[in-house]
Amino acid sequence: MYRIAGIDVHKKMLAVVVTDVEIEGEYQFERRRFGSNPEHLRLLAEWFIEQQVTEVVMESTAQYWQPVWGALERYWKPICQKRKGPGRDSGMLHLAHARSNRGRRGRKKDFPDAERLVKRLVANELTLSFVPDAEQRLWRTVMRRKYQLTRNRVQLQNRLEALLEEAHIKLSSLVSDLLGVSARRMLKALGDGESNPAVLAAMADKKLRATQTQLCDALGASTELNPVYRRLLKMALEELQLLEQQISQLDQEMASLLRQHQDSVERLAEMPGLGVDSAQQIIAEVGARATTFPSAKELSSWVGACPGDEESGGVSKNPSLAEGQSPHAADSQSIRQCRN
């Protein structure tokens, strides 16, 4: 007996089916509904143990699949793996892309969707995501949050430049980094109420290429600057300081989480074009040893760096493929197992 469960995930409800996939003929599904709160997820794990479920497949619906995955990983998987008989795949959890389980238009129903998941898993027709272990998922969360904050900092810099242009402060035309030490010192004084262009210009570092005359001209509008612009500028600088503090905290958090993998971080950081931040991000996404991917070819396919293979009339249509170079495309099984 080899039983597989399919879960159609929703925010407040789970449609769950279980069937023995080794029987001949049509699958006979047992259906149940569960809530998505912690108590019901524990009951779901207990029911799977009672039903002797060997594998579970669910859809990656928004973020709602994560509590379900975590509960099964904690309550069902360990017991399932200890059970005698099922084999090496016992306790396997699969996360399927919702698009690969899409049914015909107008046929969207909870239990049939869950049943389709099982049928397509058995037929190897689902695109499955790579879901790392709980420790690596924590690395991902921290690094992705840091990445988002870094993007927010860039967006803030763009908004700050737009604000200065609107206020006729042409500082960005003379400094290479609007958030550098010199520029930030002048902007802080401007936000605090300083209105003398000469005083503001004197705050610039001596290494700055712009002359005092040029800076005074760029900051000339400060003499009649509307107080609203000063308040908006001050708010932007306060927001910038908060973002930088949070990024620094996440740097420390990530260094602590990857302390036991420091050697891997340092080796990656030594590669041309990479640094500590890039090395940490790579490890957070693929793991400290990348053992999930049997070969470099499959890792390239998952990352999306594997070139395509399009040809017509003997002419390659793929612009990323150099002349005479053989494309390395991972087979469909590798993509099914690894692509995120």
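Rounded to the nearest 5, what % of DSSP beta bridges with both residues in segment 3-122 are antiparallel?
55 percent
Can you put K146, K12 in order of Cβ neighbours within 10 angstrom, beginning with the fewest?
Numbers: K146 22, K12 9.
Neighbour counts put them in this order, fewest first: K12, K146.
By how many nm would the segment from S173 to D20 lengthen if fully extended, with 0.36 nm per residue of separation less the alpha-carbon distance?
Gain in length upon complete extension: 48.1 nm.
What percent do you get for the relative contact order of the chain when only Cα pairs under 8 Å and 6+ apart count?
Rounded, it is 14 percent for the chain.
Please compute the length gained on full extension between K188 and V228, using 0.36 nm multiplied by the number of residues separating them and subtracting their Cα-Cα distance. Could you put the intermediate results ahead of the total?
Values: separation 40, 0.36 × 40 = 14.40 nm, distance 1.46 nm.
Full extension of this stretch gives 12.9 nm more.
Gain in length, R32 to K206, computed as 0.36 nm per residue apart minus the alpha-carbon separation, to one decimal in nm?
Additional length available on full extension: 55.3 nm.
If I model a spin label at T291 and M235 as a point 7 Å from the Cα along the Cα→Cβ vector, what separation in nanometres do I get?
Roughly 5.1 nm, to one decimal.
Relative to the longest principal axis of the C-alpha atoms of the chain, give the angle of the C-alpha long axis of helix 110-122, reported between 0 and 90° and rounded to the nearest 10°.
The two axes meet at around 80 degrees.
Pick out which of W47, W139, W65 has the largest mean-square fluctuation in a Gaussian network model of the chain, springs linking Cα atoms closer than 10 Å.
Of the options given, W47 has the highest mean-square fluctuation.
Give the calculated FRET efficiency between Q260 and S312 to the nearest 0.05, with a Förster radius of 41 Å applied to their Cβ-Cβ distance.
0.20
Using a Förster distance of 25 angstrom, determine the FRET efficiency expected from the C-beta separation of M92 and S300, and round it to 0.05.
The value I calculate is 0.50.
Would you please calculate the Kirkwood hydrodynamic radius of segment 135-257 over all C-alpha pairs and express it in Å, rounded to one decimal?
Kirkwood radius, segment 135-257: 15.6 Å.
Does anyone have the angle between helix 38-50 and the longest principal axis of the chain? Alpha-carbon axes, 0 to 90°, nearest 10?
30 degrees
Working from the alpha-carbon coordinates of segment 61-137, get Rg over Rh, Rh being the Kirkwood radius.
Reported Rg/Rh, Kirkwood definition of Rh: 1.00.
Could you work out the relative contact order of segment 37-144, using alpha carbon pairs under 8 angstrom and six or more residues apart, expressed as a whole percent?
Values: 95 pairs, mean separation 30.6, N = 108.
Normalised by residue count, the contact order of segment 37-144 is 28 percent.
For the pair R151/D251, report the inter-label distance in nm, with labels modelled 7 Å from Cα in the Cβ direction.
A separation of 2.1 nm, rounded to one decimal place.
Output the antiparallel fraction of DSSP beta bridges having both residues in the chain, as a percent to the nearest 5.
Among the beta bridges of the chain, antiparallel pairing accounts for roughly 60 percent.
For segment 135-257, what does the relative contact order come out to in percent, with C-alpha contacts under 8 Å and a separation of six or more? Mind dumping the intermediate values first?
Details: 104 pairs, mean separation 43.1, N = 123.
The value is 35 percent.
Give or take rounding to whole Å, what are the principal axis extents of the alpha carbon atoms in segment 23-159, in descending order?
63, 40, 28
Could you let me know the centre-to-centre spacing of segment 103-157 and segment 38-77, using Cα atoms, in angstrom?
16 Å
In nm, to one decimal, how far is the A123 label point from the E244 one, both placed 7 Å along Cα→Cβ?
A separation of 5.8 nm, rounded to one decimal place.
Need one word for the chain: rounded, prolate or oblate. Basis is the Cα gyration tensor (sqrt eigenvalues a ≥ b ≥ c); a/c below 1.5 gives rounded, then a/b vs b/c decides.
It is prolate, given that a/c is not under 1.5 and a/b is the larger ratio.
Largest first, please: the extent of the C-alpha atoms of segment 235-288 along each principal axis, to the nearest Å.
Cα spread of segment 235-288 along its principal axes, largest to smallest: 40, 23, 16 Å.
Let's test the formula: R0 of 56 Å, r as the Cβ-Cβ distance of Q214 and L274. What FRET efficiency results, to the nearest 0.05?
Approximately 0.90, to the nearest 0.05.
The numbers here are math on the coordinates, done by the rules we state, and not lab data. Keep in mind that this is a model prediction, so the values were computed, not measured. When we count neighbours, we look across all protein chains shown, and the Cβ atoms used for this are built from the backbone with ideal geometry, even at glycine.
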